[in-house]
Amino acid sequence: MDEELGTATVVYEHPDEGTVERSLENENVAYFQDHWICKIDERDGEDVVRRIPAERVYYVDRTVEAFEDEVATLRNQVESFADDLRETLLGGGTDGDDREATDDEATDEPVTVDVTEAERDGR
């Protein structure tokens, strides 16, 4: 195992083997959609992964160079997921205007646009 990447030990309940303790490199374990995903093997050039439901995992110990780096990585993953979800649900920018604002348009002040009833109805 490459100590520079850090290691992880996942302890979980296996239906046939009872309590299992698996140690692997940090890059080969991830948490996604209520499952721990662990690379357990490689066959014919493809990774073999095991998805372990979160409710079967007792704990996961990880060694990291710095805790702040681990938290920053988690924060980046959450922000990336939120950005992807926002783009999927909203189709891009939150205001519906995909063009970039010029320096003259950029302001922290709210913009108010008065719309009369006739303009709303398209008259």
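The values are calculated or read from the model by the stated rules, or taken from the named source; none is laboratory data. On a predicted model such as this, the values are computed, not experimentally measured, just so you know. No Cβ is skipped: glycine too gets one built from the backbone with ideal geometry, and neighbour counts run over all protein chains shown. For the accessible areas, the whole protein counts, side chains as well, though only heavy atoms, and no ligand, DNA or RNA atoms are used. Shrake-Rupley method; radii C 1.70, N 1.55, O 1.52, S 1.80 Å.
For this structure, a couple of remarks:
- Taking the criterion of being closer than 23 Å to ALA82 by Cα and of a type in the set (Val, Ile, Thr), the residues of segment 26-47 that qualify are VAL29, ILE37.
- Complete set of residues in segment 24-56 that are over 21 Å from LEU74 (Cβ atoms) and open to solvent by 40 Å² or more (accessible area, probe 1.4 Å): ILE40, ASP41, GLU42, ARG43, ASP44, GLY45, GLU46, ASP47, ARG50, ARG56
- Scope segment 2-23; condition open to solvent by 90 Å² or more (accessible area, probe 1.4 Å) and either at positive phi or in contact with a helix residue (DSSP H, G or I) (Cβ under 9 Å, 6 or more places away or on another chain) (or both); matching residues: PRO15
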